[in-house]
1. With each label point set 7 Å from Cα along the Cα-Cβ vector, what nm distance links residue 48 and residue 104?
2. Roughly how many nanometres apart are two label points built 7 Å out from the Cα toward the Cβ at residue 123 and residue 29?
3. Fewest to most neighbouring Cβ within 10 Å: what's the order for 132, 121?
4. Between residue 115 and residue 141, what is the label-point separation in nm under the 7 Å Cα-to-beta-carbon projection?
5. Kindly list the residues of region 121-146 that lie in the label zone of residue 92, defined by a backbone N under 15 Å from the point 7 Å along the Cα-to-C-beta vector.
6. Once you have the Cα-Cα distance between residue 82 and residue 60, take 0.36 nm times their residue separation minus that, and quote the gain in nm to one decimal.
7. Can you classify the chain as rounded, prolate or oblate using the Cα gyration tensor, where a ≥ b ≥ c are the square roots of its eigenvalues, rounded means a/c under 1.5, and otherwise it's prolate if a/b beats b/c and oblate if not?
8. Using alpha carbons only, how many angstrom separate the centre of region 106-146 from the centre of region 33-59?
């Protein structure tokens, strides 16, 4: 009986975490706002996040994720890059201050028209996400976009 309750609770958690939204349920303002900045993309997945929407798509086989307000404003977006594509100042900071934990993922984060660089560090004991400015400084804002 306890095992059955656990499985029910677990399944409810998994269902409630999935906010995937059918394209027909995404407001037209959101779709138009995305198309204004990314005119030739085909969205692979929409997700409802609080009062906003996240769109996932690829450009030249590079994964992108864009956060769009209900009004259609692009709030921020990110796309994958290789670690070697990080600016030298960011790579130097990582080598100097975070070299003990391997980098799992690196991305460009564009927020309010400015580029930032985010890195996900991961090993058996530690798992953390950091954002850097182009000059290699760790920043608290904008938040890491997962």
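Coordinate-derived values only; no laboratory data. Source: prediction; values computed, not measured. Positions of Cβ are generated from backbone atoms using ideal geometry, with glycine treated the same way; all protein chains shown enter the neighbour counts.
1. 2.8
2. 4.8
3. 121, 132
4. It is 2.3 nm.
5. Those under the cut-off are 133-138.
6. The span from residue 82 to residue 60 would gain 6.5 nm if fully extended.
7. Judged from the Cα gyration tensor, the chain comes out oblate (a/c at least 1.5, b/c at or above a/b).
8. Each part reduced to its Cα centre gives a spacing of 21 Å.
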